[in-house]
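What follows is a single structure, written as C-alpha cells, with notes after it.
The values are calculated or read from the model by the stated rules, or taken from the named source; none is laboratory data. Quick caveat: nothing in here was measured; it's all calculated off a predicted structure. Counting neighbours? That spans all protein chains shown, and the Cβs are built from the backbone with ideal geometry, glycine included. The accessibility values were calculated without ligands, DNA or RNA, using every heavy atom of the protein model including side chains. Shrake-Rupley method; radii C 1.70, N 1.55, O 1.52, S 1.80 Å.
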Amino acid sequence: MSMDELMDEAALHEIRDRIRAFELDRRDFLRLCGGGLLVCLSGAQAPGQESGRGGQGWGGHELPREVSAWIHIDADGKVTVFTGKVEIGQNIRTSLAQSVAEELRVGFDAITMTMGDTELTPWDMGTFGSRSTPTMGPQLRNMAATAREMLVEAAAQRWSVDAATLVAEDGMVRNPKTGATLGYGAITRGEQLTRTLMGDPPPQHANFGRVRDPADPPLTPAIAWKIAGTAVPKAQGRDFVTGKHKYPSDIARPGMLFGKMLRATGFNATLVAADTAGAEKMPGVQVVRDGDFIGVVADDVWAAEKALAAIHAQWNVPEQISNRELFAAMRKGAAGGEASADVEQGLSGADVKLAQEYTVAYIAHAPLEPRTAVAEWGQTDAGQAKLTVWTGTQRPFGVKDDLVRAFRLSEDQVRVMMPDMGSGYGGKHTGECAVEAARLAKAAGKPVKLIWTREEEFTWAYFRPAGVMEIRGGAKRDGTLTAWEHHNYNSGPSALETPYNVTAKLEKFHEWPSPLLVQGSYRGLAATANHFARESAMDELAHELGMDPLEFRMKNLNNDRLRAVFTAAAEKFGWGREKSTADRGFGIAGGTEKGGYAAACAEVEIDAAKKVRIRRVVQAWESGAIVNPDGLRNQIMGAMVQAIGGALFEQIEFANGRVLNAHFAEYRVPRFRDTPEIEVVLIDRKDLPSAGAGETGIVALAPAVGNAIFAATGTRLRAMPMAAGEIFSS
Amino acid sequence: MADLTLNVNGTELRVRAADDAPLLWVLRNKLGLTGTKYGCGEGQCGACTVLVNGQATRSCLTPAPATVGAKITTIEGLEKAGVLSAVQKAFLEADAMQCGYCTSGMILAATALLREHAHPSDEQIVEAMEGNICRCGTYPRIVAAIRRAAEMQMASEGRKEEPEYVHG
C-alpha cells in the first residue's frame, strides 16, 4: 500500500484531519520501568541515543521527547512489549507476541503485550487496513532482534568474550565453548540498558513500520521460525471462557455512575424543546444539559434508563429520502461521465460484450459489544485536570485527539486505554461515546460509564457505504478479454483494479460528496462491493462465451498467487466434478487486496419457493508467511460467515432520517442455521512477507454465491443483499 | 426498590434493586459479575444468557425479583476448584471464539443444551443455539466445541458428581 493509498483509506475512515505529529514524553514511562533493558525508537531529527550502560539518558531527563519505548525486559526476564495496536478479536495480541518471542528467543509465555494505551504505548494511527501484521510485525521483530543483540553484547562483556561466539536461546545467552549460560533476567538485573534506534519519523512511517537500516540485526527467516508460524493458543484464552476478561464495558471505578444519552428522533434533526423536569425530580438522578447535548446520570443503569424515558423532547426532523430512492440519489449526486477511447475500441472488437450495473446496500457492523466508555476526571501531578477514559475503539490515539479537542485540554491531560474489546470490523474508529461519557462525568464529578444501546449502535454509529458499480467488458470468442470498464459510485476505490489481463481499461471511483447516511470504514472497505461486481461480471462473460468460469478466469490471469488460490479452492471443492442443476448450483469467485489472496467455491441449494441456502463453501487463502495458522483459519472462516450477511440479507432500511430496522429482530445477521459447511485451505508462503488477514477473506463469498445461484436458476442477482428475506428475486 | 436474596453460583447474595430491574444489570453492576454481557437488551443475541434452575435464560429480559429462590448460574460459576467445565474446556481447546464477547452466553446456552440432550444431534445444536449471535462468525468452531464437550461428558460419565441444580 502506497502512502497515497493509505491517505485515501484514511479519508474513507474520516480521519485524514486527525493524523497529527508525534509527540510523546517517555520520562514517566521510564521512571515506571525502573531498570532492566529498554529498546526505544526515535525520530530522525532527534539527537542520537547510543546504547549505554550505567544509565546514560536513563531514569530522567536527557531522553528526547520523540523517543518511544517498545520493548522492556525486567530483572525476572519478563518481557513487556508496547504497541498502539489493539486486539479486537483478530488475534493480533497473540500473533505479535509470537513474532517477538521468535526474534528474542524466549518462550511465548514470557511476553506481555501492552496495547492501545495512549500513555504507555507509542503513537499509532489505528488498527485498520490489515496493517498490523505487515507493519507492526516487522517493527516489533526489529525491536526484539535489537534487544537480543544487546543481551548478547552484555553477556559478552561480562564474560570478556567475543559476542559473535555466543548464542541466544530459550531466554538466555549461552557460551557454546564453556557451556556457561546467563538468563536474560540475570543480565538485566541491576542494569540499565537502553538502545534507541533512529529513523522513524512519525507520522509518515508510523503505520508502515520503521524503514529497516542496513545496520539492523538480521531477522529470522520464516523458514526457521519455531514460535511464529505455529498454532500458539490465544493469549489469555482461559479468561474468555471463565468470564474473567474485562472488556471496556466491564470496567468499574469507585463511585462510578451510569449515563444515558437523549437521541434525536431522526438524522439531521434540531431540538425544538426538551422538558427534563420529570427526570430531575427522580431520586439520585442528575440531568446534564449543554445545548443540544442532553444526558442523564444515576447510580444505577436502570434508574438512568427510566430517567431518560421521563424526558420529553420535541425534535424537528427534516424530510429525507429512503433507501428505496438511494441509488437514484447516488447516481445524481456523484459525478460520472468519464470515457476511454481504448476501452471503446476494445469493446468494438469484442465478440461478447457486457454492460451491467451492480449495487450494494448500506450495512451495519453490529459488533456484539456496542460503543462503550468509562470516563474519570482527576488531576495530573501538576494539579491540572486529567481525563482518563477506557473505551472500545480501533483508534485510541484518535479518540484521545477527539477528547483533547472537545474539552480544550493539552496532550498530557488525557489518557485513553483500550481493553481488548467486543470487536469492531472497522466500525469503531470514532470517539463520540468517549466524549459523551467524559462530558457526563465532568458534570457529575464522578466516573461515568456509558454503554450505547443496540438501537443506538444501529442508528448513531456509521455505516458501510452503499454503492453502485457499473461494469462494461468485452471478450474474444476464445475468452481473451479485450476491454474492461469499472465505475464505483460512493462505495470506495478498494480493489477497484482488476487482476485480470486487459490493457484497454478504465477503473474509476466516483465520490458522492453528500451521502445520505454517515458512512465509514468496514472490514474490507469497498473490496467486497468491487469484487461482487467484477467477479459477477466475469461470470456473466464466461456464461455468454460458454466457457467454464474458472477456465475463463485462468485464461486472463497471470498473477501466480491468485492463480494458486483459485487452483487450491477448485481442487479441494471438486470444481467441475458435478454440473449445476435447477436446485443445486456451483459458483466460483476470487480476488486480491491488501496482500491477501482469496478464492471461494460455493454450493447453493434452491428450493421450489426460491429460498436459497448456502450448503458448502471452500475458500483458499494466501497472505505470505503464516504467523499463526489456527488464528488465521479462524479469521478467514469468520470473514466468510460475516460475508454471508452482506451477500444474502443484511441491509439498513431507512426513511425520513430514521433507521427502520435498528434491532437484531429486524436486521438479520448470520446465525448458526445460516452457516454452511466451511473449509479453509491455507497456503503458507514462507518465502513471502506476512500480510494482514483481517479483511480480504470477506470478498469472495458473495460473488461465488451469486454465481452459484445463477448456475442453478439462470437468474442473475446484481444487488447485495441478494436474498433479503431468504427469497431471492431478480 | 426491594431487598432481594439471590442464589448466584451457589452463594446467597443480598442486593437492593428496583422491582423491575433486569437480572443482567443486577449481576453486572451490583454483584460485579461482568462475565454476563449486554448485547441488545431485547433477548435477540444471547450474550446475556445465564442458567436459572438449569435453563438457559436471557438475563436482560428477566426481572431480578423473579429469580428469588431460583438457582442462578453465571459464567463465573462453571469453573469448580480451578477445573473448567467440559464446555469451557472444549471452547478453549477449539479456540471457538475471536473477540470472545459472545462466549459466556454461548457456553451457558451449550451447558443447558447438554443437560437436556447429553449427545445432541446437529439439528438440536442449531435449534438450541440459534438465539445466540457470534458476529465474528465462529459458529463452525462453536458447534465443534459443543460436540467435543458432549464426548468429554459422556466419557467421564459415572465419575461425575450429581448436578447441583434440578430442572424446574
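Conditions (1) acidic (D, E); (2) under 15 Å from the mean Cα position of the chain (by Cα); (3) open to solvent by less than 10 Å² (accessible area, probe 1.4 Å), marked per residue:
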position	(1), (2), (3)
B:D3	yes, no, no
B:A17	no, no, yes
B:L24	no, yes, yes
B:L33	no, yes, no
B:Y38	no, yes, no
B:T49	no, yes, yes
B:R58	no, yes, no
B:A64	no, no, yes
B:G69	no, no, no
Give just the number: which of (1) closer than 22 Å to A:A719 by Cβ; (2) open to solvent by 10 Å² or more (accessible area, probe 1.4 Å) does A:E650 not satisfy?
(2)
Enumeration of residues in the range A:294-337 that are open to solvent by 40 Å² or more (accessible area, probe 1.4 Å), in contact with a helix residue (DSSP H, G or I) (Cβ under 7 Å, 6 or more places away or on another chain) and more than 14 Å from chain B (Cβ to nearest Cβ)
A:I321
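With the structure loaded, tell me whether A:D290 is open to solvent by 20 Å² or more (accessible area, probe 1.4 Å), away from every other protein chain (no Cβ under 13 Å), acidic (D, E) and closer than 24 Å to A:E376 by Cβ or whether it fails that test.
yes
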Being under 26 Å from A:R324 (Cα atoms) and either basic (K, R) or within 14 Å of another protein chain (Cβ to nearest Cβ) (or both) is true for just one of A:V669, A:V641, A:V699. Which residue is that?
A:V669
Is the range A:64-84 home to any residue that is free of Cβ contacts under 8 Å to residues at least 60 places away in the same chain and more than 29 Å from the chain's Cα centre (by Cα)?
yes
What are the residues in the range A:350-403 that are among the acidic types (D, E) and farther than 22 Å from A:P670 by Cβ, if any?
A:D351, A:E357, A:E376, A:D381, A:D401, A:D402
Restrict the check to the range A:530-538 and report whether at least one residue is in the same structural domain as A:A647 (by TED's automatic domain parsing) and either among the polar types (S, T, N, Q) or part of a strand (DSSP E or B) (or both).
yes
Answer with yes or no whether B:Q44 is over 19 Å from A:K306 (Cβ atoms), within 12 Å of chain A (Cβ to nearest Cβ) and open to solvent by 30 Å² or more (accessible area, probe 1.4 Å).
yes
Which one of these is under 22 Å from A:G624 (Cβ atoms), in contact with a helix residue (DSSP H, G or I) (Cβ under 9 Å, 6 or more places away or on another chain) and either open to solvent by less than 30 Å² (accessible area, probe 1.4 Å) or modelled with pLDDT of 95 or more (or both): A:R523, A:R534, A:R561, A:R584?
A:R523
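Evaluate the following for B:E130: is it farther than 22 Å from A:Y247 by Cα, open to solvent by 30 Å² or more (accessible area, probe 1.4 Å) and facing chain A (nearest Cβ under 8 Å)?
yes
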Select from the range B:98-115 the residues that are in contact (Cβ under 8 Å) with a residue 40 or more places away in the chain and more than 7 Å from chain A (Cβ to nearest Cβ) and list them in ascending order.
B:G105, B:M106, B:L108, B:A109, B:T111, B:A112, B:L113, B:R115
Residues to consider are A:R454, A:R439, A:R408, A:R464; find the one that is on the phi > 0 side of the Ramachandran plot and among the charged types (D, E, K, R).
A:R408
Name the residue that is nearest to A:S99 (Cα to Cα), counting only residues in the range A:674-729 that are of a type in the set (K, R) and more than 25 Å from the chain's Cα centre (by Cα).
A:R718
Is it true that A:T135 is within 30 Å of A:Q413 (Cβ to Cβ) and not in a helix (DSSP H, G or I)?
no
Evaluate the range A:249-260: report whether one residue or more is at the interface with chain B (Cβ under 8 Å from one of its Cβ atoms), among the polar types (S, T, N, Q) and touching a Pro at 6+ places or on another chain (Cβ under 9 Å).
yes
Within the range A:613-625, can one find any residue that is in contact (Cβ under 8 Å) with a residue 60 or more places away in the chain, away from every other protein chain (no Cβ under 13 Å) and open to solvent by 20 Å² or more (accessible area, probe 1.4 Å)?
yes
Considering only helices (runs of 4 or more DSSP H) wholly within the range A:271-339, the ones with at least 1 residues that are over 25 Å from A:R439 (Cα atoms) and in contact (Cβ under 8 Å) with a residue 12 or more places away in the chain are A:326-333
Considering every residue within the range A:140-162, establish whether at least one is of a type outside the set (S, T, N, Q) and in a loop (DSSP other than H, G, I, E, B).
yes
Picked from the range A:224-248 (must be open to solvent by less than 10 Å² (accessible area, probe 1.4 Å) and more than 7 Å from every other protein chain (Cβ to nearest Cβ)), the residue nearest to B:R28 (Cα to Cα) is A:P248
Residues in the range A:262-282: is at least one within 14 Å of chain B (Cβ to nearest Cβ) and of a type outside the set (F, W, Y)?
yes
Result of the Cβ filter at 6 Å on the range A:498-515, keeping first residues that are of a type in the set (S, T, N, Q) and partners that are part of a loop (DSSP other than H, G, I, E, B) and surrounded by 17 or more Cβ atoms within 10 Å (Cβ to Cβ), at least 6 apart or interchain, is A:N501/A:N556
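For every residue, the table says whether it meets (1) aliphatic (A, V, I, L, M); (2) away from chain A (no Cβ under 14 Å).
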{"residue": "B:A66", "(1), (2)": "yes, yes"}
{"residue": "B:A70", "(1), (2)": "yes, yes"}
{"residue": "B:I75", "(1), (2)": "yes, no"}
{"residue": "B:E79", "(1), (2)": "no, no"}
{"residue": "B:D95", "(1), (2)": "no, no"}
Can you find a residue that is in a loop (DSSP other than H, G, I, E, B), closer than 30 Å to A:G714 by Cβ, of a type in the set (A, V, I, L, M, F, W, C) and over 21 Å from the mean Cα position of the chain (by Cα) anywhere in the range A:611-629?
no
